1. Taking the stated definitions as given, is ILE75 touching a Phe, Trp or Tyr at 6+ places or on another chain (Cβ under 9 Å) and surrounded by 14 or more Cβ atoms within 10 Å (Cβ to Cβ)?
2. Please work out if ALA61 is over 27 Å from THR122 (Cβ atoms), modelled with pLDDT of 95 or more and not in a helix (DSSP H, G or I).
3. Please tell me if THR72 is free of Cβ contacts under 8 Å to residues at least 60 places away in the same chain, under 15 Å from the mean Cα position of the chain (by Cα) and under 29 Å from ASP18 (Cβ atoms).
4. Within the stretch 47-58, can you find the residues that are touching a helix residue (DSSP H, G or I) at 6+ places or on another chain (Cβ under 8 Å) and open to solvent by 30 Å² or more (accessible area, probe 1.4 Å)?
5. Quick one: GLU94 ticks every box in (1) more than 30 Å from GLU49 (Cα to Cα); (2) touching a Gly at 6+ places or on another chain (Cβ under 6 Å) bar one, so which box is it?
6. Are there any pairs, at least 6 apart or on different chains, whose C-beta atoms fall under 6 Å, with the first in the stretch 20-34 and touching a residue at least 40 places away in the same chain (Cβ under 8 Å) and the second among the small types (Gly, Ala, Ser) and open to solvent by less than 60 Å² (accessible area, probe 1.4 Å), and if so, which?
7. Against the definition (free of Cβ contacts under 8 Å to residues at least 40 places away in the same chain, open to solvent by less than 90 Å² (accessible area, probe 1.4 Å), over 20 Å from GLN116 (Cα atoms) and in a loop (DSSP other than H, G, I, E, B)), how does ALA66 come out, yes or no?
8. Considering only the stretch 110-133, how many residues are surrounded by fewer than 10 Cβ atoms within 10 Å (Cβ to Cβ) and part of a loop (DSSP other than H, G, I, E, B)?
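The values are calculated or read from the model by the stated rules, or taken from the named source; none is laboratory data. These figures come from a predicted structure and were not determined experimentally. Heads up, the Cβs are rebuilt from the backbone with ideal geometry, glycines too, and the neighbour counts pull from every protein chain shown. Remember, those area values only see protein heavy atoms, side chains included, never the ligands or the DNA or RNA. Shrake-Rupley method; radii C 1.70, N 1.55, O 1.52, S 1.80 Å.
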Amino acid sequence: VIPARLESQRFPRKVLADATGLPLIIHVAKQAARAGSIDQVIIASDADEILDAAREHGFEAARTRADHVNGTSRIAEVAEGLQCRCIVNVQADEPEIDPEVIDAAVEILESRNDCQVGTIATPMSPADDPADPNLVKVVCDAQERALYFSRALIPHDRDSDRQTAPLRHVGLYVY
């Protein structure tokens, strides 16, 4: 399920931006559909323009209430009517999400009986600016469980030992 809204704070109407001839959200949906673990792609929104774009490009669209505080709550509304073993939440602004990453996240969650939610993090590339508030950072414990997410620079390398590589959160959750 790809939760989407029109009024992003940093870039309003971002999901419908079409610099390539296709709305951003359609690129996301096409990548999600390429994942072998995905049986169905649903774009969930309260905005007619988003739902129309989804249907126009052959994707299922689910109307949701407008009062959702985040994508997870929007997905929870859609999930009430679904029969499935798990739900993948792909963020609407991740057009380059690798289908293999989606499959890996599903596989890992399904193999971990002790977890109900999974997500993906990756080491930052040399081109990534750890101070960039547009990159969500994550700190994990020794068992690779996420402890903290932030747009601020974390963790602070107090002793400059560089033993803790900063991780960038990928816009993906599996429930």
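1. Values: touching a Phe, Trp or Tyr at 6+ places or on another chain (Cβ under 9 Å): yes; surrounded by 14 or more Cβ atoms within 10 Å (Cβ to Cβ): yes.
Here the answer is yes, as ILE75 does meet what is asked.
2. yes
3. no
4. GLU49, HIS57
5. Result: GLU94 passes all but (1).
6. Taking only residues 6 or more apart or on different chains, the pairs are LEU24/ALA17; ILE25/ALA4; ILE25/ALA92; VAL28/ALA92.
7. Answer is yes for this residue.
8. Number of matching residues: 5.
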